[in-house]
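For reference, the structure discussed in these notes is given below.
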Amino acid sequence: MNKDTKFNVIRTALSILIALGISFVIIFFISEDPLDAIMRMITGPISRKRLFGNVIELTIPLIFTGLGVSIMFSAMQINLASEGAFHIGGVIAALVALNLPMPGFIHPYAAILLAGIVGALFTFIPAILKIKTSANEIVSSLMLNYIALFFANFILNYYLRDPGAGSVASFPLPASSKLPSIISGTNIHIGLIIALLFTAGAYIFLYKSKMGYMIRVSGQNEDFARFSGINIIKVILISQIVGGFIAGMGGGIQLLGLYRRFTWTTLLGYGWDAIIVATLAKNNPLYVPISAFFLAYIRIGADIMSRSTDVTPEIVSITQGTIIILIVAEQFLAKYRHKMVAKEAKSTIDTEGVE
């Protein structure tokens, strides 16, 4: 483990511990039985198979959106359209499931693939706007998320809606389009395996391919990349398209893995959560599943705590916010990093002196 990786691991771990410590202190002040509340938050998700299954079920969509955002952020393209890509991926998967009958062994995967393609086209829009008009990708992608929401609501109301349902919902998704469960007694589906495969693929893409190298160099120093002959326009387009494809697939997998009908009338928030996941993972795809699992765990734990104690689940928002503040704060542990560098330099000088 090199010094940069070691420092980032220590910094992230300490940020999490400080954030949890602050949250626990708040719980001590507001709860009549703080120890019980904390224990339910920490141990609740592993107290039953079904509850731990809920953690994994929440982890799956966070992995997909986290991977998509990690690739986009590696190129220093702050595209926030993964939320819309995820949502539109869900409605496209519903359209395919309900209108294109296929054999069960291919139906869900065809729907997921098309969801990914449309997700890629969706995140392509702010990328091309930046290239052609210099439009800020943060603003354009943020606004596009609401276009995705209203487009999905239009499709739901005029093409998918079941008038016999008691709420705004599509017709029931056919059994042939559903992703199979892989662990009995839970709703954990094969999407978990797909997520882990895409994690490995995203890592190979970013760290073992020429295009991944170009993306990372462009993200670290765009001027250096440009003077080195890297095509910045190509980097922007590829990073956004790949990120949107993964997020769109995540939306399709989430729908076909956990839902009987398409009922998403509001944005689900997985794209926003992906920013937290990617920040914790330092945009490294290999760390995304760990970050996603951590976020899912504390959220399920907080939900369990709120149902059985007098502490509300919003305590998790404090934990998340504190973690992000500490991780992005450049001066947090800066002196410790300086000491690490100085110690390594001294060790190198001493070694060369001995030789």
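Throughout, read-outs are computed from the coordinates displayed, never taken from laboratory work. On a predicted model such as this, the values are computed, not experimentally measured, just so you know. Positions of Cβ are backbone-derived with ideal geometry, glycine not excepted, and every protein chain shown enters the neighbour counts.
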Exercise. Comparing ILE238, ILE112, ILE190, which has the greatest mean-square fluctuation in the GNM of the chain with Cα pairs linked when under 10 Å apart?
Worked result: ILE190
For this session: Taking the dipole about the Cα centre of region 51-305, with the C-beta of Lys and Arg at +1 and of Asp and Glu at -1, give me whichever of GLN240, TYR146, VAL91 is farthest to the positive side.
Result: GLN240
Exercise. If you find the alpha carbon centre of region 106-177 and of region 250-321, how far apart are they in angstrom?
Worked result: 20 Å
Exercise. 222 nm [θ] for the chain, helices only, -39500 (n - 2.57) per DSSP H run of 4+, per residue, to 500?
Worked result: -24500 deg cm²/dmol
Seminar exercise, completed: Hull surface over four for the Cα convex hull of region 51-305, reported in nm², is 14.0 nm²
Exercise. Taking θ as phi - 60°, what are the ³J(HN,Hα) couplings along region 244-250 by the Karplus curve (6.51, -1.76, 1.60), each to the nearest whole Hz, with x for Gly and Pro?
Worked result: x, 4, 5, 5, x, 4, x
For this session: Over region 65-191, calculate the relative contact order: mean separation of alpha carbon pairs under 8 Å at least 6 apart, over the residue count, as a percent.
Result: 28 percent
For this session: Note down the Stokes-Einstein diffusion coefficient of region 54-115 in µm²/s, whole number, using a Kirkwood radius over alpha carbon pairs, 20 °C, and 1.002 mPa s.
Result: 164 µm²/s
For this session: Quickly work out the PHE150-to-LEU100 label distance, labels modelled 7 Å from Cα along the C-beta direction, and quote it in nm with one decimal.
Result: 2.7 nm
Seminar exercise, completed: Once amide hydrogens are built 1.01 Å from N within the peptide plane, the residues lying 5 or more places from ARG261 or on another chain with amide H under 5 Å from its amide H are LEU173
For this session: With no solvent and one equal point scatterer per Cα, compute the Debye intensity ratio I(q)/I(0) for region 188-335 at 0.13, 0.21 Å⁻¹ and report its log10, rounded to two decimals.
Result: -0.78, -1.42
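Taking neighbour Cβ counts within 10 Å as the exposure measure, how do GLU57, GLU137, GLU32, GLU83 sort from fewest upward?
The fewest-first ordering by Cβ neighbours comes to GLU32, GLU57, GLU137, GLU83.
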Problem set entry | Spacing of the two label points (7 Å from each Cα toward its C-beta) at SER209 and LEU14, in nm | 3.6 nm
Seminar exercise, completed: Over 22 Å (Cα to Cα) among LYS6/LYS49; LYS132/LYS234; LYS130/LYS282; LYS132/LYS210 -> LYS6/LYS49; LYS130/LYS282; LYS132/LYS210
Problem set entry | Net charge dipole size for region 51-305 [Lys, Arg +1 and Asp, Glu -1 on Cβ; Debye, nearest 20] | 400 debye
Problem set entry | Calculated over region 1-79: convex hull of Cα atoms, volume per residue (Å³) | 154 Å³
